[in-house]
Structures are given as C-alpha cells and as structure tokens.
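Asks: Okay, here's the structure, questions in a sec.
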Amino acid sequence: MDDAPDDSQWRHWFRTYGGRLLLAARQWSRSEADAEDIVQDAFVRYWRHQRHLPGDPLPLMLVSVRRAALDRIRGDDRRGQRETAHAADQSVDWFDPGVGSDDERRRRLESAVVELPAEQREVLVLKVWGELTFAEIADQLALSPNTVASRYRYALTGLRRSLAVVDCHG
Amino acid sequence: MDDETDFADLEAELRELSPAAPPAHLERLLAAQLDQPVPKPAYRTATTWTSWKWANWGVAAALVGLMAWFSWRTPEADVSMENAPLATLTGPGLEVSETMERGGIVYRPVSAERLLLGSRVDGVVRLADGTAAERVRDYFIDTVTWRATAGKGELQVNVPREAVRFVGLAAN
C-alpha cells in the first residue's frame, strides 16, 4: 500500500478494496442499495479522516463500514423497520464469475456461502476476504475470540457439508 | 490432521473467490462526493474573542459571586469554631448565660449539652500532700444551642473540650 497517498489516488484504493468492502457491507444491510450507501459513507469517512493513520488500511476501512452500517441500522430503527426484499438482493452476484473447468463447483461454493447463517457468514467474510484475525473480528463484532473461532469453524463445516451433499446428488 | 477439522483446502478454495467489483455508479457517486470541499465542523464553543458565547462565562461567574454573597449573608455562615461566642458553662447542668448578636439578630442560649467522648488514664502521680492519684484525661463535646429572640433562627455551637482530673488511690 502506498504511503501518504494524495486525493487523486482514491480511485485506485476503491478499486482495490471496494469489492471487499461491499461484500462486508452486505452482511449488515437489508438491501443492495443499503450496502452501497454504507460503503459510500464509510469510504468517504475513511478517505477524509483516517487514511493517514498508520497500519494496514483494510481493517480500518472495515471498521468504518461496520460503523456506517450500525449508524444506518439505528437510523432505520428510528424511522421504523423497513422491510426490504433481502432475498431478492441475494440474486446479486457477490463474487466475480469464475473462468475454467471447475466453474460448477465454484458456483456451488458461492451459493453455499450466501446460504450460510448470517452470524457465521459475517465471520467468514471478515476472516477470508477481510483478512482480519479472530481477535480483530471479535473486537469488531463485540464477541469473544472463542465465539468467533467457533462460528468460523461452523461455517466451514457447513460449507463442506453443502458441497458434499451436492456432490452425492449431482 | 482430522478431516473434520482440516479446512486448509476449503479455505484456499474460498480465497480464490474474488468479491465482485462495486458497480460503476458507486464510484461516480464517490467522485461527486469527494470532489466537494470537506465541510467544516460545526463548533459548539466560541472560536473567536468576539463571539457572544463568551458571555456564558460571565454569566457563570456572576452566579458564583451571587451564591457566595448569599452564603456570606446567611447568619449560619458567620459561626465557626474560632468565632463562636463564649458561653458560660458551669457545673453538671451547664448553665449558659449571655446573649449574642449576629447580623442584627439577637440570640439567646436555650440549651447546653456535654457529651463525654472518652477518657484516658495518663498514669499514677504523687500529689503535693504525698498521696498517690491517677491522672485521668476526659474528652468532651459541648453543644450550645442559641435561638433568635425574634423569629425562628437557631444556631448550634460545638466546642471540643479536654479536662484533667485526679482520682485518689486507696491507701494500702
């Protein structure tokens, strides 16, 4: 990552991290539009106020995404629960389409990730694509590291089971 | 490693999934927002010497001064251990005489009490006549209550006291 980036570099940053931020935002939003708004708020906040902070920028940006998501949830709660067709938003592709002979298995893995229980999926997303440690995830989600590790293990077990079932019947 | 807990292959497979890039319109929205100047924070405190918000400090100081003046004017505030009027305490009944005036109000003593806090034996001493006696030190709190001759004002004065007495020892 570049040191002391100037304002013209934000596009490079956004193209590097935007996909991961949006994937994380989807875990805490009710719709794709909400997730995009969250990423927008979080990225602007990060870029204007936090980008000069030392350390790896991805964890900081993910914290910013989480805060923006919580702000939005609180705002929605104040305005009354907004029922949104979240299931329809899951039709949005969360991952780039794969190319190659193993496309079918990749597609099944993507579906299995999307269908995981939300509390397992958010840990999986932060660990694998957010590249956070269990301690960092625990800090962000206000959970114990043991709980985070357990949820991650349950997620992987669930994914493996889903893939095995498809393999048996496929 | 146990097959159930060894997820290295699965984790590697997951990492090969690349999160989809954000839509182009999101980048356009960001560009529009980041091109705008950063809004200045809305300060809630005064930032210039000409701000009317400094008047708050003046109001606060005036209030403190007013409270101090009122507490000084209150008769109870005039009474401290050093300034306490000397009452005449005599005998076990602690008869108190005299009157005093504070802030234009005349007070008259209405009751006096003596509370023995404790006693300590200093030791055995020999008196001038050659007899032996214990020297005992007593600690008291004398409380004198004064009431205004007009109105319902009341003052209470607590005076710590110490007394020494000699107790003769029975001769062998």
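Asks: Give the residue, chosen from A:78, A:67, A:45, A:72, that is within 23 Å of residue A:136 (Cβ to Cβ), more than 12 Å from chain B (Cβ to nearest Cβ), assigned to a helix (DSSP H, G or I) and at pLDDT below 90.
Replies: So the residue among A:78, A:67, A:45, A:72 that is within 23 Å of residue A:136 (Cβ to Cβ), more than 12 Å from chain B (Cβ to nearest Cβ), assigned to a helix (DSSP H, G or I) and at pLDDT below 90 is A:72.
Asks: State which residue is modelled with the lowest pLDDT when the search covers only the range B:16-34 and only residues that are more than 9 Å from every other protein chain (Cβ to nearest Cβ) and either over 30 Å from residue A:128 (Cα atoms) or surrounded by 10 or more Cβ atoms within 10 Å (Cβ to Cβ) (or both). Lay out the reasoning, then the answer.
Replies: Of the residues in the range B:16-34, the ones more than 9 Å from every other protein chain (Cβ to nearest Cβ) are B:24, B:28, B:32.
Going one step further and asking which of them are either over 30 Å from residue A:128 (Cα atoms) or surrounded by 10 or more Cβ atoms within 10 Å (Cβ to Cβ) (or both), we end up with B:28, B:32.
Working: B:28: 91, B:32: 88.
Here the answer is B:32.
Asks: With (1) under 34 Å from the mean Cα position of the chain (by Cα); (2) modelled with pLDDT of 85 or more as the list, and residue B:96 as the residue in question, which single condition is left unmet?
Replies: (2)
Asks: Is at least one residue of the range A:115-122 among the small types (Gly, Ala, Ser), closer than 22 Å to residue A:67 by Cα and out of contact with any Asp or Glu (no Cβ under 8 Å at 6 or more places or on another chain)?
Replies: Let us first name the residues in the range A:115-122 that are among the small types (Gly, Ala, Ser), namely A:118.
Checking the rest, the ones that are also closer than 22 Å to residue A:67 by Cα come to A:118.
Still in the running and out of contact with any Asp or Glu (no Cβ under 8 Å at 6 or more places or on another chain): A:118.
Yes; the residues of the range A:115-122 include at least one that is among the small types (Gly, Ala, Ser), closer than 22 Å to residue A:67 by Cα and out of contact with any Asp or Glu (no Cβ under 8 Å at 6 or more places or on another chain).
Asks: Tally the residues that are outside any strand (DSSP E or B) and either surrounded by 13 or more Cβ atoms within 10 Å (Cβ to Cβ) or aliphatic (A, V, I, L, M) (or both), restricting the search to the range B:107-142.
Replies: 2
Asks: Which one is farthest from the other protein chains (Cβ to nearest Cβ), of the residues in the range A:142-159 that are without any contact (Cβ under 8 Å) to a residue 24 or more places away in the chain and among the hydrophobic types (A, V, I, L, M, F, W, C)?
Replies: A:142
Asks: Name the residue that is farthest from the other protein chains (Cβ to nearest Cβ), counting only residues in the range A:20-42 that are touching a residue at least 40 places away in the same chain (Cβ under 8 Å) and closer than 18 Å to residue A:131 by Cα.
Replies: Here the residue is A:28.
Asks: While we're looking at this one, here's another question. Which residue pairs have Cβ atoms under 7 Å apart, sit 6 or more places apart or on different chains, and have a first residue in the range B:31-47 that is farther than 30 Å from residue A:15 by Cα and among the hydrophobic types (A, V, I, L, M, F, W, C) and a second that is in a helix (DSSP H, G or I) and at pLDDT 70 or above?
Replies: So the pair list comes out as B:46/B:53; B:46/B:54.
Asks: May I ask you to list the residues in the range A:113-129 that are under 21 Å from residue B:9 (Cβ atoms) and either within 11 Å of another protein chain (Cβ to nearest Cβ) or surrounded by fewer than 22 Cβ atoms within 10 Å (Cβ to Cβ) (or both)?
Replies: Listed by number, the residues that qualify are A:113, A:114, A:115, A:116, A:120, A:121, A:124, A:125, A:127, A:128, A:129.
Asks: What's the number of the condition residue B:13 fails, among (1) modelled with pLDDT under 80; (2) within 14 Å of chain A (Cβ to nearest Cβ); (3) in contact with a Leu (Cβ under 9 Å, 6 or more places away or on another chain)?
Replies: For residue B:13, the exception is condition (1).
The values are calculated or read from the model by the stated rules, or taken from the named source; none is laboratory data. Note that the structure is predicted; figures quoted are calculated from it, not measured. Please note: Cβ atoms are built from the backbone with ideal geometry, for glycine as well, and neighbour counts cover all protein chains shown.
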